[in-house]
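Okay, structure first, notes after.
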Amino acid sequence: MLHTTDTKSRLQVIQGAITVFRRFAFHEATFDLVATAAQVTVQEVTARFPSWDDLLIATIDYWNGQRMRLILPVAERSGAAAFLRGIVQANIDDPALMRLLSATVNVAATPEHPMASFLQEEYHRFHLMVAQQLAADIRAGREPSTMEPARGAEQLIALYEGLQLQSMVRPTMNLLEAYDRAVTRMRAGWNREYVAPVWDLSAH
């Protein structure tokens, strides 16, 4: 019973953190705000998450896991491009998680930061998942064999993340339409044999 109660208390704090990140910018979030949102004391928060990094990692892990649980079946049913489209739609419906993940990019790129390895591992895992799904798409005939899954994953994720970042600073942008248009053109390119680029700026 104690274990169940403690798990419930941890979840209560995590849900409080999610509420805070929905309302406030990343750099404005504090233990005090989380405690208020979770309806517990700051001491109860820090008893379960001694450092801010501990709380942030647990929050990202839970929040992203909840989202992925709903979207992953799309990958198996319709492929990688549709899976990422599902994430785009989820971010449109509730943009707070993407704002949080985007805010942690600077942390992930800081080698000495305690959270860097966790965030980088999560990113590598995401790339691998998309690459594996693209390989499955090739086997299923959804994508052409001329597309190398690892490279395709780089391109698909770059497209998704780039458009997502644009939409954050261009709020009137139709993100889903932009994704559909860009993915359609990219997938058309996958049907052609790869040709190494030659950059001749003097050519007309």
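The values are calculated or read from the model by the stated rules, or taken from the named source; none is laboratory data. As the structure is a computational prediction, the values presented were derived from the model and not from experiment. Heads up, the Cβs are rebuilt from the backbone with ideal geometry, glycines too, and the neighbour counts pull from every protein chain shown.
So here's what we get for this one:
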{"read-out": "Matching option when the condition is more than 26 Å from SER167 (Cα to Cα), surrounded by 16 or more Cβ atoms within 10 Å (Cβ to Cβ), of a type in the set (A, V, I, L, M) and in contact with a helix residue (DSSP H, G or I) (Cβ under 6 Å, 6 or more places away or on another chain), among ALA38, ALA81", "value": "ALA38"}
{"read-out": "Close pairs from the range 88-114: first free of Cβ contacts under 8 Å to residues at least 24 places away in the same chain and crowded, with 16+ Cβ neighbours inside 10 Å, partner in a helix (DSSP H, G or I) and among the aromatic types (Phe, Trp, Tyr), Cβ under 9 Å, at least 6 apart", "value": "ALA108/PHE118; ALA108/TYR123"}
{"read-out": "For MET173: the one exception among (1) more than 26 Å from PRO95 (Cβ to Cβ); (2) assigned to a loop (DSSP other than H, G, I, E, B)", "value": "(1)"}
{"read-out": "Tabulated pairs, the range 42-64, first over 18 Å from ASN91 (Cβ atoms), second polar (S, T, N, Q) and modelled with pLDDT under 95, C-beta under 7 angstrom, 6+ apart or interchain", "value": "ARG48/SER9"}
{"read-out": "Residue among GLU161, GLU154, GLU122 that is without any contact (Cβ under 8 Å) to a residue 60 or more places away in the chain, part of a helix (DSSP H, G or I) and out of contact with any His (no Cβ under 9 Å at 6 or more places or on another chain)", "value": "GLU161"}
{"read-out": "From the options ALA140, ALA178, ALA153, residue that is surrounded by fewer than 13 Cβ atoms within 10 Å (Cβ to Cβ) and within 24 Å of MET68 (Cα to Cα)", "value": "ALA140"}
{"read-out": "Evaluation of ALA75 against (1) among the hydrophobic types (A, V, I, L, M, F, W, C); (2) closer than 18 Å to THR104 by Cα; (3) within 21 Å of the chain's Cα centre (by Cα) (one fails), failing number", "value": "(2)"}
{"read-out": "Selection status of LEU134, in contact (Cβ under 8 Å) with a residue 24 or more places away in the chain, crowded, with 16+ Cβ neighbours inside 10 Å and within 15 Å of ILE87 (Cα to Cα)", "value": "no"}
